[in-house]
Amino acid sequence: MRAISYVRQFLEVVLAIAIAPLFTGWIAQCRAWLQNRSAPSLLQPYRMLRKLFFKDVALAQNASALFRATPYVLFGTMVLAAAIIPSLVTDLPLARVADSIALVGLFATARVFLSLAAMDIGTAFGTLGARREMMIGFLAEPALLMVLFNAFMLFGSTSLPSLVDGYRAHQSVVDPSVIFAAVAFVMVLLAENARIPIDNPSTHLELTMIHEAMLLEYSARHLALVEWASSLKLFNYACIGFALFLPWGIATHGADGGWPLLVAIAALLGKLVIAGAALALIESLSAKLRIFRAPEYLAMAFLLAVLGLLVHLLLGA
Amino acid sequence: MVLSAYHWTFALAETLAGHELRFMLCIVAAWMILGLAGFLRPHSIRFVAHLLFPAGGVLCLGVAVLAGLYLGSGRGPQAAILPLGLPDLPFHIRLDVLSGFFLLLLGVAGAGISTFAAGYFRSGEGTAPALLGLHYHLFLASMALVMLADDAYMFMVAWETMALTSYFLVTSHHRIPEIRRAGFLYLLMAHVGAVCILLCFGVLQGGSWQFTFDAMRGAPLAPVWATTAFLLALLGFGAKAGLVPMHVWLPEAHPAAPSPVSAMMSGIMLKTAIYGLLRISFDLLNVRFWQWGALLLGLGLFSALFGAIFAAVQTDMKRLLAYSSIENVGLIFTGIGLAVLFQTNNMPLFAALALTAALVHSLNHALFKSLLFLTTGSVLHATRQRSLGKLGGLIRPMPWVASLALVGTLSIAGLPPFNGFISEWLLLQSFLFTPQLPHAFLNMLIPLGAAALALTAALAAYVMVKFYGVIFLGQPREGSLESAHDANWLERLGLGWLAFGCILIGALPQLALNAVAPVTGKLLGDSVRPSSTVWWIAPIAQQQASYSGLILLAGIVAVVAATFVFVRLLAHGRMRRTAPWDCGYPWQNSRMQDTAEGFGQPIRHMFGTFFRMERHLPSAADTSPRYRVYIEDRLWRGIYLPIARGVQSLADAIGVLQRGRLAVYLLYSFLTLLGLLVFVL
């Protein structure tokens, strides 16, 4: 492995950590515009993080070490995931550490840690949030895996860099199954990242909240890390989506030098701008579902993904 | 120093080379002697628990080392004939790679369980210490002999000894009626299974009336008889493994048994059934059909999903783990089913992958399920509570048990970088290749199978969050829990050993793959196996998928450490302790947390058709409201009770014959004789 690839790996991780809050801020801004409100500054998430990092932690008396370690674990897993996902280049030293199925597992690890931390203090809201989060998780995971199976059917790999390379090589062919898979993926993305049809990131209404209910006992630097990890998770999901469905611009194997990298950065930023606006549009147009409608929503995502697989098998075979 | 240690290890390996079977027999004999030695001082807990059990654990370690050396050496099978048994029916024993792998599993898990048991068994509980020691060590020895047996006679003797000793262990608190009931159900199912296995051997000998396994390998069987033998083996071993619908004994017997025994039964004994099924279907039978694979796959997936769903609604911690065992056994059967499907369609590479997944999962399950059952033992000792509704917050008084249980929890939930993830990942990877099977209809159905597998894996995470969260996290639900004490050092050692195994296989899955490789090579007739290097494992090729547990673990640790340092450097470490916030509600108490029932509620809601539920809801005017929900397995009323009633009425009908008067019985003999005479003439 060449030294330059390690440099690019480092660059990619730093970029992910740096612009993840910006992406969240951009979605919030688009939502505000669509809802005819005056928007907060794009830099608002950074100000929030700065404020939180300098506050004193108020920790519940009975909080255990698990509770205190979880923010670091969350942030760590999300940064590692960002290092594995080929958002800029496919020739990454760490990309072979985990294929996309292992990546789903990594996200599950983060989810389990957060749920356990939410149960640690023993408040009514914490356990409620943990239960709902695990419920959404176990429904979303099969749908996501079906999306990945679909990608495997097309390009014979579950490793994201190979998928990007494969997609770039056959970009003239658009298999109809991809469309089903893409819709299913967007639905899973919304559910997994606590976005509107399933959860609302900007409310603390006890009947509906999931993600926020788990964070209630966190404060200051712990909260900052958890929030940062959440925005990294959204960023990571978006990048997985780009790698699976919109891989244009990502510097593939052999594309050395500064120029492809600049193109890749520009392409990533462009895709993030559009994706953020699209997410904000979806969120503004849809209403939040009752919690027991969530299984139907995720079952639909799952069925779409399976339909994609069957379409591929019927047309391809 | 290091050099001399290396030298000694090498010398040891040299001495043992080629004599592994002989040394293993010595260990089996030593277990029996240890069991009997307890009677020197039958009531001394110190002698039996603190001396004999650790010695048994060391012997387990010996078995693991011998099996590991044997698997690593790549030598052929070792066979011997023991001059025991019936006059012209001596015991045949044989050590080959399949038995070697399962003996490795037995040794590794058994060492941890025996060490824990040394600290666990205390006086004044159930069976006398010496008797307990005898049953325990005979149980160990019989499981090892099941794996070493090379003829049907020896196999059945060992199998029955295993069933009986474990029955006595399950009923060691025999004064409690429910435990006697659970023990009886277990014994009944064990014997129904044993009868099926016996019949299976009867079919396998194929008219030669030779009951050595060698003769059975050579016996030509018509497809009908081969399928009959396979189905009988599936019934017999499925009953032992807890495959749905033969699973009913499992959630009864596991909670009834003392925790080390539950760990031994779930971690090791269920695997003897897996061993038996593999031995018969891949070794003794010469032919296989893809329909067998489809059957195994279907039953396995259904068991897995069934177990996970039922585990999610349990309120007894050991019952929850028992249902989770059904789930894991289902996953193992799924892997075996896929392997048969691939192998019968001439895809040995994919078959090796699926079989690897099944075997690695067996090993993993032996580690993490034993670990979790043992932690429930520590919790039980510390709190006297088995019901999840009365636990909570134990991470504070029991930090050792809680942190080791966390390792088991994350492993069994199938999360990277722990070991449970490895086998689930391999299984998912082997599912990816099913569209290449030449059966159009199967191809359409199998993606749904993969989805069921994914759902099961995700549900397992749900179940384990419930298990860990309700027992160890939150506020204690009973006042007495504050004074719970942590496990003693022997218990910690046993738990630590198993947790270490979970982390080691998670970080270095290559170790497990290397142990499995000779087995898949032998059973599938080729030297195919998933590729692995020091850093990576890749099921087929690295471009398709790869995973590195070590780098993942190191990466997480490094990033977490770096984050911690950065946060402390750039910000500060100030902190104060306050009351929990909970949206500013100050009157919260431990009753406001989710109970085990509450945590399972979404599952009850979504999968209601699986359960038979009885709910008693209080009305608004009740002065002392009681909420009660009772959940039952539909199969119990659907299958078992009708069978039981049928047997009862049949017995009643036959009971008419039983008059209790000698004259009537003489009349029966006379009539029978007459009938026979007519028949002969």
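Please treat every number below as a calculation from the coordinates, not as lab data. A quick note: this is a predicted structure, and the numbers were derived from the prediction, not measured. Neighbour counts run over all protein chains shown; Cβ positions are idealised from the backbone, glycine included.
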So, R0 is 45 Å and r is the distance between the beta-carbons of B:Y668 and B:L188; what FRET efficiency does that work out to, to 0.05? 0.95
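Largest first and in whole Å, what are the equivalent-ellipsoid semi-axes of the range B:413-557 based on the Cα gyration tensor, each being the root of 5 times an eigenvalue?
Working: eigenvalues 252, 94, 38 Å².
Ellipsoid half-lengths, sorted descending, are 35, 22, 14 Å.
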Long-range tail of P(r) for chain B (Cα pairs > 50 Å, %): 15 percent
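Under a point-charge model restricted to the Cβ atoms of Lys and Arg (+1) and Asp and Glu (-1), what is the dipole moment magnitude of the protein assembly as shown relative to its Cα centre, in debye to the nearest 20?
Details: 62 positive and 46 negative charges, 348 e Å.
That gives the protein assembly as shown a dipole magnitude of about 1680 debye.
Suppose the chain between B:S208 and B:R181 were pulled fully straight at 0.36 nm per residue; how much longer would it get relative to their current alpha carbon spacing?
On the way: separation 27, 0.36 × 27 = 9.72 nm, distance 4.14 nm.
Here the segment from B:S208 to B:R181 would lengthen by 5.6 nm.
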Shielding score for A:66-74, defined as the mean number of other chain Cβ atoms within 10 Å: 3
Rule-of-thumb check for the range A:2-315: C-alpha Rg over 2.2 N^0.38 Å? 0.98
Could you work out how far apart the two model spin labels at A:H170 and A:E296 are, taking each label as a point 7 Å from the Cα in the direction of the beta carbon, and quote it in nm? 3.6 nm
According to the Cα gyration tensor, what semi-axes, each the square root of 5 times an eigenvalue, does the equivalent ellipsoid of the range B:569-654 have, listed from largest to smallest in whole Å? 49, 20, 11
For the protein assembly as shown, what does -39500 (n - 2.57) per DSSP helix run (n ≥ 4), summed and divided by total residues, give at 222 nm, in deg cm²/dmol to the nearest 500? -23000 deg cm²/dmol
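Averaged over every viewing direction, what's the projected area of the C-alpha convex hull for the range A:64-194? Give it in nm², one decimal, please. Mind dumping the intermediate values first?
On the way: hull surface 34.2 nm².
The Cα convex hull of the range A:64-194, projected and averaged over all directions, gives 8.5 nm².
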Per the charge dipole of the range A:2-315 (beta-carbon charges, Lys/Arg positive, Asp/Glu negative, Cα centre), the residue among A:A130, A:Y218, A:L244 reaching farthest to the positive end is A:Y218
Per-selection metrics, the protein assembly as shown (Cα): Rg and Dmax in Å: 29.5, 108
Distribution output for the range B:177-276: share of Cα-Cα pairs per 10 Å bin in percent, first bin at 0, values 16, 40, 25, 15, 4
With both partners inside the protein assembly as shown, how many of the DSSP beta bridges are antiparallel, as a percent to the nearest 5? 80 percent
Mind grabbing the base-10 log of I(q)/I(0) for the range A:99-176 at q = 0.11, 0.18, 0.22 Å⁻¹? Debye formula, identical points on the C-alpha positions, no solvent, two decimal places. -0.42, -0.76, -0.94
Considering amide H positions built from the backbone, and no H for Pro or chain starts, which residues 5 or more places from A:N200, or on another chain, come under 5 Å of its amide H? A:I210
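Kindly point out which whole DSSP H helices in chain A project their C-alpha atoms 18 angstrom or further along the helix axis while averaging a Kyte-Doolittle hydropathy of 0.0 or above. Before the final figure, lay out each step's value.
Details: long enough: A:3-34 (45 Å, 1.21); A:65-84 (28 Å, 1.58); A:100-120 (30 Å, 1.61); A:124-155 (46 Å, 1.22); A:176-192 (25 Å, 2.22); A:220-245 (37 Å, 0.95); A:258-285 (40 Å, 1.89); A:294-316 (33 Å, 1.92).
Span-like helices in chain A: A:3-34, A:65-84, A:100-120, A:124-155, A:176-192, A:220-245, A:258-285, A:294-316.
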Under 5 Å, built H, 5+ apart or other chain: amide partners of B:D151: B:H92, B:F213
Have a look at B:P438, B:N328, B:G474 and report the one farthest towards the positive end of the charge dipole of chain B, computed about the Cα centre with Cβ charges (Lys/Arg +1, Asp/Glu -1). B:G474
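Tell me the volume per residue, in Å³, of the convex hull enclosing the alpha carbons of the range B:524-681.
Details: hull volume 72.6 nm³, N = 158.
Normalising the Cα hull of the range B:524-681 by residue number yields 460 Å³.
Quote the charge dipole size of chain A about the Cα centre in Debye, to the nearest 20; the model charges only the Cβ of Lys and Arg (+1) and of Asp and Glu (-1). Please report the intermediate quantities before stating the final value.
Values: 21 positive and 18 negative charges, 118 e Å.
With Lys and Arg at +1 and Asp and Glu at -1, about 560 debye.
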